[in-house]
Amino acid sequence: MTAALALSNISKTFHTDNGEQVQALAPASLDIQQGEFVSIIGPSGCGKSTLFNIIGGMVMSDTGSVRVDGQSVTGTHKDIGMVFQEESTFPWRTVLDNVAFPLEVAGISRAEREEKARHFIQLVGLKGFEGRYPHQLSGGMRQRTSIARTLASEPRILLMDEPFGALDEQTRLLLGDKLLQICSELNQTTVLITHNITEAVQLSDKVVVMSYRPGTIKQVVDIDLPRPRGSELIATDEFGRYVGRIWEDLREEAARGMIATGEV
Ligand code: ADP
Ligand code: MG
């Protein structure tokens with residue numbers, strides 16, 4: 001079966017202005033199948049955002065390729081929809097106009113794009129808020145607006161870099177539930193970058209654990225928990241065993257990271 005997203009031998013070394021070289025990613029390969037939800041987890045500085053930017057075509061890798069359904073992609077691409085950690089809604093546009101934005105850029109008529117935008121707004125649970133501006137929403141609602149905007153272009157791959165990173169724990173858990181519901185409704189192939197183990201285990205079919213610099217894939221853990229997975233699953237023993245196993249691996253890498261950055 002051709003993978004929906006295939007990363008082969010992606011690597012990246014940055015050359016800084018003062019002549020230093022930072023090897024951010026050592027060659028990493030990963031296949032993700034249609035409809036799979038995969039989380040990539042790793043300590044701060046291990047190259048997660050670099051990988052995100054390479055998959056999304058914002059940064060060129062030194063080696064390797066990114067393929068969607070077997071086709072090599074370079075540069076930003078309509079098949080790969082990105083959601084960023086930081087606030088990325090347009091403050092001067094309403095929710096409706098934010099979500100309709102990519103459709104406007106694609107030259108779709110007003111009536112058609114508004115209909116589509118309303119569909120995705122409903123999907124993320126923001127029906128009734130179409131006319132609000134971002135500053136009139138909570139942080140979680142703004143992130144849902146960003147997710148709806150990305151989904152509105154119907155990307156083959158939904159690619160997210162710590163989208164809930166700035167939110168409080170309760171909002172994060174509820175948004176996790178929502179995201180699961182959306183992705184299963186759309187059978188959406190999804191790659192979520194996170195440093196939150198609970199989130200990774202709750203949401204994913206597979207958790208990819210990255211090593212500290214140079215980042216590479218240390219382990220891929222299949223999460224064999226029944227779906228649908230509400231946040232109540234977190235209280236079960238089986239869930240705890242997955243968290244424990246991933247933490248074992250991650251602890252080593254996080255410790256290496258802290259030593260390397262002089263934090264311990
Ligand atoms: P993460 O998202 O896992 O925290 P990043 O991918 O942001 O990690 O960074 C990985 C490493 O690459 C870090 O050491 C970071 O300082 C370095 N790095 C990232 N982008 C650049 C860049 N544009 N120039 C130089 N170094 C960079
Ligand atoms: Mg990052």
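The values are calculated or read from the model by the stated rules, or taken from the named source; none is laboratory data. Keep in mind it's a predicted model, so treat the numbers as computed, not measured. Here Cβ is always computed from backbone atoms with ideal geometry, including for glycine, and neighbour counts include all displayed protein chains. Heads up: the accessible areas ignore ligands, DNA and RNA and are worked out on the full protein's heavy atoms, side chains in. Shrake-Rupley method; radii C 1.70, N 1.55, O 1.52, S 1.80 Å.
See the values below:
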| item | result |
| --- | --- |
| Segment Glu169-Gln122, length gained on full extension (0.36 nm per residue, minus Cα span) | 14.6 nm |
| Net +/- balance of residues flanking Ile54 in space, Cβ distance below 13 Å, scoring K and R +1, D and E -1 | +1 |
| Exposure ranking of Tyr242, Tyr133 by accessible area [1.4 Å probe, largest first] | Tyr133, Tyr242 |
| Mean separation of Cα contacts under 8 Å, 6 or more apart, over the residue count of the chain: relative contact order % | 26 |
| DSSP beta bridge pairing in the chain, given as percent antiparallel to the nearest 5 | 50 |
| For the chain, the longest site-free run once trypsin sites (Lys or Arg not before Pro) in DSSP loop states with at most 14 other Cβ atoms within 10 Å are removed | 128-264 |
| GluC sites (Glu not before Pro) within the stretch 28-91: DSSP coil, no more than 12 neighbouring Cβ in 10 Å | Glu86 |
| Average Cα contact separation per residue, the stretch 87-154, under 8 Å, 6 or more apart, as relative contact order % | 50 |
| Cα coordinate range in the stretch 87-154, projected on the principal axes (Å, largest first) | 30, 21, 19 |
| Chymotrypsin sites (Phe, Trp or Tyr not before Pro) within the stretch 91-156: DSSP coil, no more than 10 neighbouring Cβ in 10 Å | Trp92 |
| Three principal axis lengths of the chain [C-alpha, angstrom, descending] | 53, 45, 41 |
| Across Lys78/Lys127; Lys127/Lys218; Lys48/Lys78; Lys48/Lys127; Lys48/Lys178; Lys12/Lys116, pairs whose alpha-carbon gap is larger than 31 Å | Lys127/Lys218; Lys48/Lys127; Lys12/Lys116 |
